[in-house]
1. Starting at the first residue of segment 20-32, write each ³J(HN,Hα) from the Karplus equation 6.51 cos²θ - 1.76 cosθ + 1.60 with θ = phi - 60°, in whole Hz, x for Gly and Pro.
2. Using a Gaussian network model of the chain whose springs link C-alpha atoms within less than 10 Å, name the residue from Ser18, Ser92, Ser49 with the highest mean-square fluctuation.
3. Can you give me the % of accessible surface on the chain that is carbon or sulfur? Probe 1.4 Å, all protein chains present, nothing else counted.
4. For the residue pair Asn68 and Val41, what label-to-label distance in nm results when each label sits 7 Å from Cα along the Cα-to-beta-carbon direction?
5. So, R0 is 22 Å and r is the distance between the beta-carbons of Val77 and Ala109; what FRET efficiency does that work out to, to 0.05?
6. Taking only DSSP H segments of four or more residues, each worth -39500 (n - 2.57), what value at 222 nm results for the chain once the sum is divided by all its residues, to the nearest 500 deg cm²/dmol?
7. Distance between Cα centroids, segment 110-127 to segment 53-104: provide it in whole Å.
8. Which trypsin sites (Lys or Arg not before Pro) in segment 37-109 pass both tests, a DSSP loop state and at most 10 other beta-carbon atoms within 10 Å?
Amino acid sequence: MARSGQVLLFVNALAFISFGVYALLYTGELATLLGADAIGVGGLYELRSNYGGVSIGAGVLLLIGALNTRWRRAALVFLLTYMGGYVVGRTSALAFGAWPPSQLLAFGAFEAVMAMLALLCLRATSAAPADADTR
């Protein structure tokens with residue numbers, strides 16, 4: 001199961017970094033995808049920083065966890081809490097507004113699955129015997 005955590009982190013690192021680069025380079029298209037196509041300069045700035053920069057930073061952290069066993073558990077905890085936060089936010093947002101577009105529902109489904117997989121990997125690693133190089 002340790003290998004599963006490594007693969008999960010690597011796949012998410014690629015997804016986060018790719019999405020971050022997309023957000024930096026194609027911010028206007030991202031705004032349209034999110035239903036915010038009438039966004040101003042300040043909004044585009046925030047999309048670039050929050051979706052672009054933060055996603056790239058998160059992806060780098062996940063990549064470090066995928067490549068280094070000493071960081072793996074911390075990276076899985078990060079993935080669980082980050083994706084879990086999105087799930088909480090998206091679920092509670094349903095109580096405050098109209099039903100979101102299908103692409104945003106797909107993001108929510110992806111985030112929920114990734115949070116659950118991270119939890120499963122964490123549970124498996126806490127049940128496994130300690131590895132000598134993780135001290």
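1. So the Karplus estimates, Gly and Pro as x, are x, 5, 4, 5, 6, 8, 10, 4, x, 5, 4, 4, 5 Hz.
2. Of Ser18, Ser92, Ser49, the most mobile in the Gaussian network model is Ser92.
3. Numbers: 5580 of 8050 Å².
Carbon-and-sulfur percentage of accessible area, whole number: 69.
4. In this crude label model, Asn68 to Val41 measures out at 4.0 nm.
5. Numbers: r = 22 Å, r/R0 = 0.99.
Once rounded, the FRET efficiency stands at 0.50.
6. Working: 6 runs with 103 residues, N = 135.
It comes out at -25500 deg cm²/dmol, rounded to the nearest 500.
7. 12 Å
8. Working: sites: Arg48, Arg70, Arg72, Arg73, Arg90; in loops: none.
Taking segment 37-109 and a limit of 10 other Cβ atoms within 10 Å, no loop trypsin sites (Lys or Arg not before Pro) are found.
The values are calculated or read from the model by the stated rules, or taken from the named source; none is laboratory data. Remember, it's a predicted structure, so these values are computed and weren't measured experimentally. Here the Cβ is made from the backbone with ideal geometry for all residues, glycine too, and neighbour counts use every protein chain on show. Heads up: the accessible areas ignore ligands, DNA and RNA and are worked out on the full protein's heavy atoms, side chains in. Shrake-Rupley method; radii C 1.70, N 1.55, O 1.52, S 1.80 Å.
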